[in-house]
Amino acid sequence: MNLTIKINLIFLVVFLISNKAIAQRDTINTDKLIIVKQYSPTVNDAFKIKQKPSEKDSIKQLRRDLSYSFIDVPVASTFTPAKGTASGVRMSPPDKLFENYSRFGVGNFSTILADFYSNFDINRDRHLDIAFNHLSSQGGIDAVVLDDDFSNTNLRLDLTSQDRYFDWNTGFDVNHREVNYYGLESTLANALSQDQLKAIDPKQTYTKLEAFGGIRFTDLVLKEADITVYNFTDNFSSSEQLLDIQPLVEIPLRTQNLSIKGDFKFLNGSFEERLIGDGSLDYQQFQAGINPFMKFNIQNVNLKLGAKAVFFSDMENSENKVFFYPDIKAEFSLNQETIKVFLGVDGSLEQNTYENLSQQNPFLSPTQFIRPSNNQYNAFAGFTTKLLENLSLSSQINYSSTNNTAFFISNPDIDYGNGQSKRGFDYRNSFSVVYNDLETFGISADLAYQIDSDFNIGFFGKYSDFSTGNGEPAWNLPEVELRAYADFNFTKNWNFSAALFYIGERNDALENISIDSNSFPISSGRINNTVDGYLDLNASLEYKINPRLAVFVNGNNLLNNSYNRWQNFEVQGIQVLGGLTYQFNW
């Protein structure tokens, strides 16, 4: 039995050894599986340089030992920190704006001032604006023997509408003015008796009735069109009618728009009297103008290139003409847009009318020849810049040439030897328009200084050199014009503004004409007369009692200079006017 067990153990050992040898000859190789994860370093992994850096200083300072000690002092603290809270910026509320405005004031010379403006919202898209203005004075100028009162009243209504594809407006304007031909020379006044003076009627009135309208499109080639028509009359049965249509067309091109402005005017008028002689003065004039132009914006340069062509027809005299004008302007921005330089040349045919000439000089006699002025060219160049943060300067020079420039010149004193009575404007106390060619060189500058947000001052000066076609003076045109102005809000409720201006000497004429028994005029000859320059100071002071109500005081001619705005027409002395301003909403 023991032998059998030993033999079995021997066979088992041999079997195990043989199996191990076979396993070693197996061709299947084992591989290593390496698991890689993202490296996340820690502060402990940082490489620390333990070497002391070298010192290159040639001078080494010895460290001194510092000894110190603490003194313990008990301090009783009662401080308790508060919780933090967010703080906001307190801003003053904006001033409330009102849509309606009224002002009324009275002053010396029995002056009355009344202004009113109101805006009515008819609905969401339509609004009605109403404006009324009135200024009148009963006169009272020293040494004036004729009536010198005046008034100017204007009423305007304007209805505007904003629709989906276009906006439009329409309205009318009524203006009524009263003046007097009070500029009677002292030598002529002394030669007349009291009865003759009382027989002079110097009153002249102007009345204008105007209707206007306009339309503006958003997506059409026709961008806008405006139309104006008025009837203008005076106290001597003179009348004038004007129809003015001004469309604007924009044609899109590849990269720019071609804009075309149109201007079509028809003027008709008549004067019932002539300055000398019998018969009326009639005029009918038509002009059609076209102004194509394009605007370019190239980096810091704005460029306008265009031209004008105007057809003019004097239907009363059967004359037709065509005029051409340049329309070019360039603007350059330099030094990060702190300096702007501009230059260009343009021209136009200016339609003179009895209405706009009477606005410039209300003492015109109702005996005028009306014709247009041909502004052949006006070449100009200038710049605007900021000298300092709150100091700006602008300046411009120009040279222009105009044919048939309208000048105002004093009418002669007319004596009738044929039994005709003198009219209220026959005493060298009215003006006529004469036409002459004019070349002008002008230079102007405007300096504005803003001391702070509530205080600013400025100075303006202009010098002009005139040259006429036949060597005559440039009647009633000053060579020098100066102006200084200031505006100061010294508190939230107080506002003060002032303006000081100077107008230089002007040239006018003196002449006497006698009408003999055969109605033939005989002139004594025209004598040039110099009208002195004048200095005038105006100021205004306003105090706001509350956001709605304010009180104001205006002062004119505060230097009390007795100067002539026109020859023989002396102005009022010191004029003080005060009143109230009230703003409200309906």
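Note on the range 461-487 and the range 353-403: Cα centroid distance 11 Å, given to the nearest whole angstrom.
So if we plug the beta-carbon distance of Phe98 and Thr207 into 1/(1 + (r/R0)^6) with R0 = 25 Å, what FRET efficiency do we get, rounded to 0.05? Write down the numbers at each step before the final one.
On the way: r = 32 Å, r/R0 = 1.29.
With a Förster radius of 25 Å, E is 0.20.
Each Lys or Arg adds one and each Asp or Glu takes one away; over the other residues whose Cβ falls under 9 Å from the Cβ of Phe232, this sums to -3. The modelled label-to-label distance between Lys321 and Asn560, using points 7 Å beyond Cα along the C-beta direction, is 5.2 nm. Subtracting the Cα-Cα distance of Ile574 and Phe380 from their residue separation scaled by 0.36 nm leaves 65.9 nm. Sorted largest first, the principal axis extents computed over the alpha-carbon atoms of the range 105-176 equal 62, 20, 11 Å. With 0.36 nm allotted per residue and the present C-alpha distance subtracted, the Val553-Leu220 stretch has 114.9 nm of extension available. List the residues of the range 390-417 whose backbone N lies under 17 Å from a point placed 7 Å from the Cα of Phe332 along the Cα-to-Cβ direction. Only 395-397 fall inside the zone, counting backbone N under 17 Å. When you count the other C-beta atoms within 10 angstrom of each residue and take the mean per peptide, 440-449, 400-409 line up highest first as 400-409, 440-449. Based on protein heavy atoms only, the range 389-585 ends up with 49 Å² per residue of surface accessible to a 1.4 Å probe. Enter the Cα centre distance for the pair the range 240-293 and the range 171-206, rounded to the nearest angstrom. What the calculation gives is 33 Å, centre to centre. Packing, taken as the mean count of other beta carbons within 10 Å per residue, orders the peptides 573-579, 140-146 from highest to lowest as 573-579, 140-146. Asn528: net charge of surrounding residues, Cβ under 12 Å, Lys/Arg +1, Asp/Glu -1, itself excluded? Taking every other residue near Asn528 into account, the sum is -2.
The residues packed around Asn119, meaning those with a beta-carbon under 9 Å from its beta-carbon, carry a net charge of -3 if Lys and Arg are +1 and Asp and Glu are -1. Only protein atoms count toward the accessible area here, which uses a 1.4 Å probe; on the range 389-585, the carbon and sulfur part of that area reaches 53 percent.
Under a 1.4 Å probe, what is the accessible area of the range 147-211 per residue, stated in Å²? The partial results should precede the final answer.
Numbers: 3460 Å² over 65 residues.
The answer is 53 Å² per residue.
In the range 102-211, the portion of solvent-accessible area held by carbon and sulfur atoms comes to 54 percent [1.4 Å probe, whole percent, DNA, RNA and ligands not counted]. Spin-label model, Ser394 to Ile457: label points 7 Å out along the Cα-to-beta-carbon direction sit 2.1 nm apart.
Once the chain from Ile339 to Ala309 is taken as fully extended at 0.36 nm per residue, the excess over their C-alpha distance is 7.4 nm. For the pair Tyr449 and Asn418, a Förster radius of 51 Å applied to the C-beta separation gives a FRET efficiency near 0.20, rounded to the nearest 0.05.
The values are calculated or read from the model by the stated rules, or taken from the named source; none is laboratory data. What you see is a predicted model, and the numbers here were worked out from it, not measured in a lab. As a convention, Cβ positions derive from the backbone with ideal geometry for all residues, glycine included, and neighbour counts pool all protein chains shown. Only protein heavy atoms, including side chains, enter the accessible area calculation; ligands, DNA and RNA are left aside. Shrake-Rupley method; radii C 1.70, N 1.55, O 1.52, S 1.80 Å.
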